[in-house]
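Quick notes on the structure that follows.
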Amino acid sequence: MRPGPGRAASPSYLDLDCFKQVNDTRGHAVGDKLLTAAARRLQGAVQDGDTLARMGGDEFAIIQPHGDQPGAASRLAERIVAAMAAPFEIDGQRLKIGCSVGIAVFPDNGDTPDLLLRNADTALYCAKESGRGCFRLFEPGMNTRLRERVLIEGDMAEALAREQFTLAFQPLCDAATLRVVGHEALLRWTHPTRGPMAPSHFIAIAEESGLIVPLGQWALEAACAEAVRWDPALRLAVNLSPLQFRQPDLPQQVADALARSGLSPHRLDLEVTEGLLLDDAGLVLDTMNALRAQGIGMTLDDFGTAYASLSYLRRFPFDRIKIDKSFIDNITDDDETLAIVQTILSLSSRLKLSVVAEGVEEQEQLDVLRSLGCTLVQGYLTGRPMPADQIAARATQPAGW
């Protein structure tokens, strides 16, 4: 890999986002056809002189020997990301996967093929950490970040095996009376040497590594075991990651957790985000219906932050929605935000959906929400996350659930 004068060779390392879930849920035959179709699209994105190779699984590499770098590699990555974002039609099924790309440039990022590919792979990991469906150019600091991520991933696996994760529970309250009507279970992890880890940090790593599936199952089991000790009127909300929700046996996993704990299914609410609803709507709908048939409630979390939220209320059988904190932050000083929240509450009322406003931190925010008819609130104003042993079990008459 020795380019001519004035040129710099560039390897790009890429893999298909969410391919594994298609392979797991739709079968290897569909997965193989999807790989073939993806390879054809990649061939359409590269130019004469470029070399495209499948490295294994859903991973590919492209060697781009011509063009001024890193501009040429960046333009190639943009074409690839755009091409792979479009849905695939496989055996009459509409599948969306996407693609992430990492780029390294000779000689700045290495002077041997092995080093260049390794650094391109490192950039790929950083692209996936950034949310997938994007590309990243290698930077020297990425190696440190990757080593850090690998260490944390290993520590998480050990912490899960040793049951070192804990749960905190944040109250959900009736907006009018501020009576506690339920609690949301939140994962917590105190690392033995790093101290308390931010959930946004370690949960992202868990999702990327696949650890979120056993970790989410542990959280569900532990939360149900705690909630059965509360006053029977109090409900429990548990978050499910998209990867966890797409497990084919999820309804049975939830049923088993409820049976082992003795918690009534009618006291459990499962929260999912809008991102789950983008792909494989048929599978998602079947899973939701199977869960609701058990008596379990379904909540659409972070409502309004992405995609076509209103259409989801018509297509999927949700029982309630949570208005994202970003709206509540601006509800008292931005007329457009106020109008959006008012519209959400009015529409939800007509659809017979209850609404939780999350991130309520100021009395003025609570006053506005009350005036708009919001029935449920959650946030530091009404209660911070607390250990299970601090929950006061008390008789209550929940409102709005």
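Between the helical axis of 113-129 and the longest alpha-carbon principal axis of the chain there is an angle of about 20 degrees.
Translational diffusion of region 151-390 was estimated from the Stokes-Einstein equation, with Rh taken as the Kirkwood radius over Cα pairs; at 20 °C and 1.002 mPa s the coefficient is 116 µm²/s.
Each peptide in 135-141, 109-115, 238-244, 363-369 receives the mean, over its residues, of other Cβ atoms within 10 Å, and ordering these scores from highest gives 238-244, 135-141, 363-369, 109-115. Peptides 95-103, 212-220, 255-263 ranked from most to least packed, by the mean per-residue count of other Cβ atoms within 10 Å: 95-103, 212-220, 255-263. Label-to-label distance, Thr343 versus Ala176, with points set 7 angstrom from Cα along the beta-carbon direction: 2.8 nm.
Taking R0 as 25 Å, what FRET efficiency do you get between Ala259 and Asp319 from their Cβ-Cβ distance, rounded to the nearest 0.05? Present the calculation step by step, with values, prior to reporting the outcome.
Values: r = 22 Å, r/R0 = 0.87.
The computed FRET efficiency comes out at 0.70.
Helix 141-161 and the longest principal axis of the Cα set of the chain meet at an angle near 40°. With bins 5 Å wide beginning at 0, the percent of Cα pairs of region 10-139 falling in each bin runs 2, 12, 22, 24, 19, 11, 6, 3, 1, 0. Roughly how many Å is it from the Cα centre of region 37-64 to that of region 167-194, as a whole number? Cα centroid of region 37-64 versus Cα centroid of region 167-194: 47 Å apart.
Per the Kirkwood formula on distinct C-alpha pairs, the Rh of the chain is how many angstrom? Let's see the in-between values first.
Values: mean 1/r = 0.0429 Å⁻¹.
In the chain this quantity evaluates to 23.3 Å.
What number, in percent, do you get for the relative contact order of the chain if the mean sequence gap of Cα pairs under 8 Å and at least 6 apart is divided by its residue count? Relative contact order here is 13 percent.
Around the amide H of Met55, modelled in the peptide plane, lie the amide H atoms of Phe60, Ala61, all under 5 Å away and 5 or more residues distant in sequence or on another chain. Size descriptors for region 248-287: radius of gyration and Dmax over Cα atoms are 12.1, 34 Å. Helix 281-293 and the longest principal axis of the C-alpha atoms of the chain enclose an angle of approximately 20°.
Residue ranges 75-82, 345-352, 193-200 sort as 75-82, 345-352, 193-200 when ordered by packing (mean number of other C-beta atoms within 10 Å per residue, highest first). The Arg229 and Ala39 beta-carbon pair, evaluated with R₀ = 56 Å, returns a calculated FRET efficiency of approximately 0.55.
All of the numbers you see were taken from the coordinates with simple rules; none came from a lab. Owing to the predicted nature of the structure, the values given are computational and were not obtained by experimental measurement. Backbone-built Cβ (ideal geometry, glycine too); neighbour counts: all protein chains shown.
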